[in-house]
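Comments concern the structure below.
The values are calculated or read from the model by the stated rules, or taken from the named source; none is laboratory data. Not measured: the values here are computed from a predicted model. Note that each Cβ is placed from the backbone with ideal geometry, even for glycine, and that neighbours are counted across all protein chains shown.
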Amino acid sequence: MDTNAPSSADDIRAAVAALIGIEADRIPDDANLVRLGLSSLDMMRLSGRWRRGGFPVKFECLVADPTVGGWLRHIESVTADEDRG
């Protein structure tokens, strides 16, 4: 699995922080990442990178709940689905 693929809230936070230019520890789990400066193009790039890393994330799910907590729940659900399948 690619090391760029997220496996925790801290991984997601770090990836987003690098894109929007703030410190990762300044991003709460429930903060709207779009309001913090993350663009839809940034989300597309992240979802593509994470899919290449082995996480079958869906761009539409990231857009639907653009928070660290929401993204972590989505990633956990798709990886749980893979484990069951």
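Listing for the model above:
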{"quantity": "Sole residue being modelled with pLDDT under 95, farther than 16 Å from A9 by Cβ and surrounded by fewer than 12 Cβ atoms within 10 Å (Cβ to Cβ), chosen from R35, R52", "calculated": "R52"}
{"quantity": "Filter result for A9 (of a type outside the set (S, T, N, Q) and without any contact (Cβ under 8 Å) to a residue 40 or more places away in the chain)", "calculated": "no"}
{"quantity": "Single residue of the range 55-85 satisfying the filter (surrounded by fewer than 16 Cβ atoms within 10 Å (Cβ to Cβ) and within 16 Å of D10 (Cα to Cα)) that is modelled with the lowest pLDDT", "calculated": "E76"}
